[in-house]
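Read the figures in this text as sums done on the coordinates, not as results from a lab. All values reported here derive from a predicted model rather than from experimental measurement. Cβ: placed from backbone, ideal geometry, glycine included. Neighbour counts: every protein chain shown.
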Amino acid sequence: MVNIRRSRGYSFEHRLVQRLNSGDWNARRLGGSSTGLPDIIAVNNKTGTLLTIEAKSGTSDILYVPADQIQRCLLVSQMFSFYEKRHIVLAFKFMRKKRFKRKDQIVYEGRQLVEHYRLANVLSKRDEYPVVKCMYDGTTFAIYRNKCAKLPLPRFQMPFL
């Protein structure tokens with residue numbers, strides 16, 4: 001099961017990099033959590049823009065970005081202070097099949113594939129980083145010490161949309 005999840009995540013990251021590598025953008029997949037770096041970094045040298053991207057994909061109605069992964073995006077963003085515009089982007093992909101348990105069996109149900117892109121720059125102004133929870137409808141929440149509060153992260157317009 002872990003290999004399926006890992007390949008699903010890699011596939012989403014790979015596709016994001018391909019979509020970003022058009023026009024004036026240059027993007028690379030950095031290896032994600034195992035390297036201590038964000039999943040993707042993208043730059044537009046003409047506009048002086050840097051994107052650090054944490055990507056999550058799954059079959060449930062909820063996806064989570066752990067606090068340490070948000071912190072990595074912020075640290076890398078701060079490293080590249082040369083770029084005037086630096087954005088931390090959380091990318092969420094909810095797959096076409098929803099997975100859930102029914103009577104102790106795993107069942108899949110069809111639904112629309114949905115992608116959400118959220119700008120998380122506001123988190124850089126906090127002392128403590130939350131776990132970010134994103135719902136299928138795009139609503140985001142911050143989880144601090146097992147307390148969940150709505151976190152209205154603005155939509156981010158990806159360059160390829």
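Taking amide hydrogens as placed 1.01 Å from N in the peptide plane, the amide H of Leu30 sits under 5 Å from those of Ile40, Ile41, each at least 5 positions away in sequence or on another chain. In this Cβ point-charge picture (+1 for Lys and Arg, -1 for Asp and Glu), the chain has a dipole of about 560 debye about its Cα centre. 3J(HN,Hα) along segment 118-123: 10, 8, 10, 4, 4, 5 Hz, from the Karplus curve 6.51 cos²θ - 1.76 cosθ + 1.60 with θ = phi - 60°, whole Hz, x for Gly and Pro. To the nearest ten degrees, helix 2-20 and the longest principal axis of the Cα atoms of the chain are 40 degrees apart.
Neighbours of Asp39, meaning other residues whose beta-carbon lies under 11 angstrom from its beta-carbon, give a summed charge of +2 when Lys and Arg score +1 and Asp and Glu score -1. Treat each spin label as a single point 7 Å out from the Cα along the C-beta direction, and report the Lys97 to His14 distance in nm. Calculated label separation equals 1.8 nm. The aspartates and glutamates whose alpha-carbon is closer than 18 Å to the alpha-carbon of Lys98, local same-chain residues fewer than 8 away aside, are Asp61, Glu109, Glu115, Asp137. Cα to Cα, under 30 Å, and not fewer than 8 places away if on the same chain: which lysines meet these conditions relative to Lys125? Answer for Lys125, where 30 Å is the Cα cut-off: Lys46, Lys56, Lys85, Lys93, Lys133, Lys147, Lys150, listed by chain and number.
Ranking Thr47, Phe80, Ala91 by how far each Cα lies toward the positive end of the dipole of segment 1-121 (charges on Cβ) leaves Ala91 at the top. Net charge of the neighbourhood of Arg72, taken over other residues with C-beta under 11 Å away and scored Lys/Arg +1, Asp/Glu -1, is -3. Out of [x] 73, 21, 14; [y] 32, 16, 13; [z] 27, 19, 14, which label holds the value of semi-axes √(5λ) of the Cα gyration tensor in Å that was computed here? So the calculated entry is the one marked [z]. Modelled this way, with points 7 Å down the Cα-to-C-beta line, the labels at Phe82 and Gln112 are 4.2 nm from one another. Per-peptide packing, taken as the mean over residues of other Cβ atoms within 10 Å, places 70-82, 41-53 in the sequence 41-53, 70-82 from highest down.
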